[in-house]
Each structure stands twice: as structure tokens, then as C-alpha cells.
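The values are calculated or read from the model by the stated rules, or taken from the named source; none is laboratory data. Fair warning: this is a prediction, and the values are worked out from it, not measured in the lab. Don't worry about glycine lacking a Cβ; one is built from the backbone with ideal geometry, like all the others, and counts go over all protein chains shown.
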Amino acid sequence: MQGLGVYGLIALVGAIVTLLVNPPAREISVRLGYSAEPDARKVHKVVTPYGGGGAMFVGFCVALCAALAFPVTRAVIFGSREMLGVLLATGVMFVVGVLDDFRDMSAPAKVGGQVLAATILYFSGCTMYQLKLPFAGFIVLGPSVLPIITAIWVFALSNAINLIDGLDGLAGGIVAIASGTLCVYGLRLEQLGFLPSSNVGPLIAALTFGVCVGFLKDNFHPAKLFMGDAGALMLGLLMSASTMVIGGRTAPAGGVTFFFFAPLLIPVFILGVPLTDAIFAFLRRTLSGQGFHTPDKNHIHHRLMRLGHGHRRTVLILWLWTALLCGFVLFPLFYPSANVFLPAAVGVMIVVFVTWSSPFLTRERRAERASSRSNS
């Protein structure tokens with residue numbers, strides 16, 4: 001695909017810069033006391049410095065500057081105010097995350113910061129223009145509802161990434177796989193003529209992929225560095241921006257890929273693991289009368305570990321699930337004949353996922369284990 005090499009080089013710059021900034025970011029975090037303390041709800045057992053979010057933010061900014069060296073990406077950056085809006089909104093999310101890491105912000109204040117970042121995206125034009133619903137056609141979004149939808153989208157994806165950030169390398173790896181998929185997907189749509197070459201989505205996704213890869217070197221178990229809320233919220237903002245401008249702007253088409261029936265299903269698939277975890281967390285905490293931001297140890301990764309999987313194996317399992325979901329997005333785009341098998345394959349995946357991840361089944365397995373131990 002035209003431009004893929006350029007986007008790959010930009011991602012490489014982001015990865016290298018982030019990798020080089022990781023050690024000094026760790027040292028600064030230690031000196032400032034900007035660290036994660038172990039407690040009953042956390043898996044890690046030792047004090048671990050934050051700072052990964054700062055390293056990724058630096059890598060993002062430097063890689064964005066490097067993108068100015070290439071004519072194709074320079075035209076994307078200067079073609080609209082959208083990339084400037086993404087940079088400013090990313091900075092806002094980073095600051096909100098740092099404050100939350102230091103002081104545990106109240107839920108309203110944290111949501112307010114996310115709404116501010118979404119507002120910056122909206123006024124810069126970095127948002128979706130339309131929704132395509134199965135059997136209902138395209139729905140053009142008017143100015144009265146677009147700011148609300150943008151804020152909801154940013155809130156949903158940012159908190160989904162934040163909630164899944166519970167094991168070393170988990171959130172970074174999932175976002176790396178998802179953003180890399182989204183970059184390839186967007187460039188493929190450009191090649192097919194369904195997205196203009198000026199779309200900023202693939203560039204945002206490439207930058208996100210690069211900084212995640214660079215961060216993972218020091219974040220995989222046992223982690224030397226955490227991203228904290230600063231990194232998780234920032235990655236959620238970048239994923240929400242890139243999915244909106246790709247999934248919410250796809251030109252009317254059919255017969256190419258299943259996802260043209262509803263392009264905004266793309267993030268549901270590529271971010272299926274964190275979004276599913278966020279939905280379960282919302283239902284679980286709402287039904288129990290708790291607030292959404294109330295922490296617990298019943299996330300998907302916690303359940304997998306209670307099933308007997310170790311730290312690294314749990315992370316790798318969820319990485320593989322994300323890669324499989326991303327494969328369902330990319331494969332039909334390059335091989336349209338695979339569309340006929342997609343609904344059945346998705347159904348099988350849902351059954352398998354519910355079978356092995358259902359909180360009810362997990363509870364029963366725990367009861368069985370406790371019973372067997374007491375009998376022995």
C-alpha cells in the first residue's frame with residue numbers, strides 16, 4: 001500500500017524515542033515519588049515508578065515532528081486543524097492522568113478533563129461525521145448531537161483502556177495491536193478510494209503503535225515502569241480520535257468488507273477485550289450499587305489469573321484474543337470472499353469467550369476448588 005513504509009518509519013521513530021526516554025522517565029519518577037504503591041487490589045508486589053505515560057508523550061511529539069519530513073504526512077498534518085487538536089487534546093489527557101496518579105482525582109473532575117479533551121477534538125474537526133447503521137443507511141450527525149457523541153466516544157474508549165491496565169504489558173500490547181491494525185485498515189481504505197488520503201486517522205494510529213511498542217520494552221513483566229493513568233487515558237484519547245475519523249467517515253460502499261455495513265464496529269472488534277471488560281465492570285458495579293470508578297479485582301485479567309494462568313500467560317492470552325479480533329477486521333478487507341464466514345466465526349468466538357470468561361463460571365470454579373481443598 002502506498003505510504004505504508006512512511007507510516008512505518010514514523011512509528012519506528014516513536015518507538016525508538018520512547019524506548020530511549022523510558023530510563024530517564026523512570027529516574028525522574030523515582031525522585032518525585034511518582035510511583036505505584038502495592039495494595040490489596042493490585043497485582044504487582046513492589047513499588048514501581050510511573051513515567052511511562054511521559055515517555056510515550058515525548059515519543060508521540062518527536063515522531064509527529066518527524067512526520068513533517070515526509071511530503072505525504074506533512075500534507076496530512078497541515079491539511080486541517082485536526083492534528084493540532086489531537087496534540088492539544090492528548091496533552092490535556094496526559095495532564096489529567098498525571099494529576100489523577102498523584103492525587104486520585106474525584107470522578108467528576110476526571111470526567112470533566114475527558115470532556116475537555118473531547119471538546120478540543122470537536123472544535124478542531126477531529127470527530128466523526130456520520131453513522132452507518134445496518135439496514136438504516138447513513139445518518140449524518142448534526143451539530144446538536146455531535147459534541148455529545150464525541151464526548152461519549154472519548155469517555156468510553158479512554159476508560160476502557162484505563163480499566164484494562166491492570167497487568168504488566170497488557171494495555172500497551174493491546175493498544176499496539178489495535179492501533180497497528182487500524183493504521184493498516186485506514187491505509188487500505190485510502191487505497192480502495194473509500195477514505196481521502198488527507199485523513200489523519202492512519203497517522204494517529206501509526207504514532208500510537210510506535211509509542212506503545214517502545215514502552216513495552218520496560219513494561220513487560222516484571223515491569224520496570226508503569227504508564228499510569230497518564231498513559232492509559234492518553235492512549236484512549238488517541239484510539240478514540242483515530243477510530244472516529246476512520247470509522248465515522250468511510251464513504252458509502254458495499255460488497256468489499258462486512259464492516260462497511262457499520263464502520264464504527266471496527267473499534268468494537270479491535271478493542272474488543274478492553275471494551276468487553278469495561279461493559280462487565282459497569283454492569284457489575286452498577287448492580288452492586290458501586291460507582292463506576294470503584295476499583296475491584298474482577299476484571300477479565302483477574303479472572304484468568306484465578307483460573308491458574310500466570311502473569312505473562314494471561315497477558316499473552318489477551319494479546320492473542322486482540323490479534324484474533326483484529327484479524328477479523330483486516331482479513332475480509334484484503335480477501336472479500338471471507339465475508340460469508342465472518343458472522344459464523346464471530347459467533348463461535350463469542351461462545352468461547354463467554355464459556356471461559358463468564359463471571360458465573362469463574363465463581364463456580366472457585367467454589368469447586370474451595371470444596372476440593374476442604375475435602376482434602
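Within segment 299-339, the residues that satisfy the criterion of being modelled with pLDDT of 75 or more, farther than 16 Å from Val268 by Cα and crowded, with 20+ Cβ neighbours inside 10 Å are Thr314, Val315. Looking only at residues that are hydroxyl-bearing (Ser, Thr, Tyr) and crowded, with 17+ Cβ neighbours inside 10 Å in segment 65-91, which one is nearest to Val211 (Cα to Cα)? My answer is Thr90. So for segment 209-227 (the condition being at pLDDT 95 or above and β-branched (Val, Ile, Thr)), does at least one residue qualify? Looking for residues that are at pLDDT 95 or above and β-branched (Val, Ile, Thr), one finds at least one in segment 209-227, hence yes.
When Leu88, Leu4 are screened for being within 23 Å of Glu190 (Cα to Cα) and not basic (Lys, Arg), only Leu4 passes.
The residues of segment 213-243 that are closer than 12 Å to Leu121 by Cβ and touching a Phe, Trp or Tyr at 6+ places or on another chain (Cβ under 6 Å) amount to a single one, Ser240.
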